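Following: one structure in structure tokens, then a few remarks.
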Amino acid sequence: MGRDAIDVQTFARNLERYLDNPSPSGLDIKTRFQDLPGWTSLQALIVVAGFESDYGVTVSEDEFQRANTVHDLYRVVVRRMAE
Amino acid sequence: MAIFSIPDLRVSGVCTALPIQVVRNQDLDLLSKTQIEAFERTVGIRTRRIAPASVCASDLCVDASRFLLERVGLRAADIGLLVFVTQTPDYPLPGNSMLAQRQLGLPASTYLLDLNQGCAGYVYGLASLAGLMSATGIEKGLLLAGDTLTRIVSTHDGSTLPIFSDAGSATLVERDPGSDLMYFNLENQGQGADVIQIKGGGARQPFGPESLVMSEESDNVVRAPIHLSMRGIDVLHYCAKYVVPNIKELLAFANVDRGTPDYYVLHQANRIVNDCLVRQLGIPGDKAPETLSEYGNTSCASIPVTMCRRLSQQLTSGSARLLLSGFGSGFSWGSALISAKSVQCPEPREISEADGI
């Protein structure tokens with residue numbers, strides 16, 4: 001997708017593709033993704049690999065762990081994309 | 001900048017040795033059936049090799065060395081230099097190069113060197129061996145690269161146990177005036193020293209009762225300070241950021257394009273990382289042979305293991321330009337561009353205690 005600007009809703013839809021068990025109603029920007037059923041460290045790795053595939057950036061483990069919600073994660077990725 | 005070329009040397013043989021015991025990740029009690037299915041689908045490792053308790057990295061590499069010397073018709077006395085790469089040495093000291101010298105019967109005049117390098121170790125070892133041969137005029141050198149990482153991971157750590165595997169290798173480099181240059185590009189980022197680490201048991205945290213105290217780091221991750229720890233997201237982060245630029249820089253230095261290498265033999269880390277690198281490189285998947293699903297992550301041995309398992313026929317009876325890329329603990333990464341022509345590169349050997357180790 002390159003480094004074009006993304007909006008948070010598109011980011012959430014893209015994120016759902018990498019989750020085994022997204023909530024039935026879909027991800028909300030306030031969703032605490034690490035509390036989702038079946039969340040594991042492997043799931044986190046898959047999500048970060050998805051960032052690389054979708055946006056051409058990755059995030060560090062500390063950045064990922066500090067992000068509580070989908071919106072937090074979105075901000076980290078956007079910041080990386082701007083670097 | 002550690003980007004350089006070395007003339008008049010060629011890789012003339014590569015042999016590898018794997019323990020005969022196969023373990024299947026689906027048989028692990030540690031993870032649920034659903035978790036194992038997801039792991040195999042995404043990380044891509046189905047089976048691994050585990051050395052019996054009496055077999056260490058020196059044994060695997062020495063077995064590969066004996067086989068290699070026999071294949072190329074050399075005697076131990078012909079070897080002037082031996083570099084041993086491992087992070088699981090048989091003993092804290094002396095280094096494994098000494099043990100290999102004893103087991104192979106190399107002369108006292110042999111130049112011996114031990115390198116503490118992990119998954120980047122094969123490229124670092126090859127560069128060090130070639131550099132020393134170039135500086136000293138030594139005619140024939142052996143690179144031994146191997147690990148028994150299954151010995152140092154916690155059996156209760158779902159983030160490392162299903163990944164790592166045991167293997168050893170031996171690579172012969174010989175003087176060959178006029179042969180194609182060997183190109184290397186070596187890089188490190190010490191800020192990532194704790195991405196893959198064993199904190200206990202060294203001089204900073206000497207071994208003691210606390211070295212064995214198990215603690216739960218997260219779900220399915222229980223380990224002690226003497227066990228290997230790995231921050232998987234950071235590994236991916238470093239690899240995605242540094243490895244492909246390193247390769248592209250090397251290709252530009254060698255004045256070739258990405259289509260020149262016939263094969264990109266990448267360290268077999270995990271499918272998530274390796275797929276990311278292949279995508280970034282923009283090369284067809286079949287140019288990056290894999291052994292991950294069958295052998296798991298064999299650390300510094302994964303590049304020679306992949307050469308022997310997937311490219312044996314092409315390298316033994318033909319020729320190819322190979323781009324080798326290793327990356328891992330340190331954080332270290334490096335690449336090499338070499339020409340391989342009529343390289344003795346048989347299929348990996350499978351060995352057990354019954355083979356006389």
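The values are calculated or read from the model by the stated rules, or taken from the named source; none is laboratory data. Remember, predicted model here, so these are calculated numbers, not experimental data. Cβ coordinates were reconstructed from backbone atoms using ideal geometry, including for glycine residues, and neighbour counts include every protein chain displayed.
Hey, can you tell me all the residues within segment B:170-196 that are part of a loop (DSSP other than H, G, I, E, B) and out of contact with any Phe, Trp or Tyr (no Cβ under 9 Å at 6 or more places or on another chain)? Within segment B:170-196, B:D176, B:P177, B:G178, B:S179, B:D180, B:L181, B:D194 meet the criteria.
In a residue-by-residue description of segment B:106-115, the property of being polar (S, T, N, Q), assigned to a helix (DSSP H, G or I) and out of contact with any His (no Cβ under 7 Å at 6 or more places or on another chain) applies to no position. Scanning segment A:11-27 finds no residues that are more than 13 Å from chain B (Cβ to nearest Cβ), out of contact with any helix residue (DSSP H, G or I) (no Cβ under 8 Å at 6 or more places or on another chain), in a loop (DSSP other than H, G, I, E, B) and modelled with pLDDT of 80 or more.
Listed here are the residues, each with its yes/no results for (1) surrounded by fewer than 20 Cβ atoms within 10 Å (Cβ to Cβ); (2) in contact with a Leu (Cβ under 9 Å, 6 or more places away or on another chain).
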{"residue": "A:L36", "(1), (2)": "yes, yes"}
{"residue": "A:G50", "(1), (2)": "yes, yes"}
{"residue": "A:V57", "(1), (2)": "no, no"}
{"residue": "A:H71", "(1), (2)": "yes, no"}
{"residue": "A:V76", "(1), (2)": "yes, no"}
{"residue": "A:R79", "(1), (2)": "yes, no"}
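Criterion first (in contact (Cβ under 8 Å) with a residue 12 or more places away in the chain and more than 27 Å from B:F39 (Cβ to Cβ)) does B:Q189 satisfy it? Lay out the reasoning, then the answer.
Values: in contact (Cβ under 8 Å) with a residue 12 or more places away in the chain: yes; more than 27 Å from B:F39 (Cβ to Cβ): yes.
So B:Q189 passes the test.
Scanning segment A:28-46 for residues that are more than 9 Å from chain B (Cβ to nearest Cβ) and in a helix (DSSP H, G or I), we see that the one that is farthest from B:I233 (Cα to Cα) is A:D35.
The residues of segment B:27-58 that are more than 14 Å from every other protein chain (Cβ to nearest Cβ) and touching a Ser or Thr at 6+ places or on another chain (Cβ under 9 Å), listed by number, are B:R46, B:T47, B:R48, B:R49, B:I50, B:A51, B:P52, B:V55, B:C56, B:A57, B:S58. What pairs come up if the first residue lies in segment B:207-234 and is away from every other protein chain (no Cβ under 14 Å) and touching a residue at least 12 places away in the same chain (Cβ under 8 Å), the second is part of a loop (DSSP other than H, G, I, E, B) and charged (D, E, K, R), and their beta carbons are under 6 Å apart, counting only those six or more places apart or on different chains? So the pair list comes out as B:P225/B:K199.
Give B:C15, B:C61 a once-over and let me know the one that is more than 14 Å from chain A (Cβ to nearest Cβ), in a strand (DSSP E or B) and at pLDDT 95 or above. Give the derivation first.
Details: B:C61 fails: in a strand (DSSP E or B).
On inspection, the qualifying residue turns out to be B:C15.
Taking segment B:270-284, which residues are of a type in the set (V, I, T) and more than 10 Å from chain A (Cβ to nearest Cβ)? Spell out how you get there, then give the answer.
Our first condition is that a residue be of a type in the set (V, I, T); within segment B:270-284, this holds for B:272-273, B:278, B:283.
Correct list: B:V278, B:I283.
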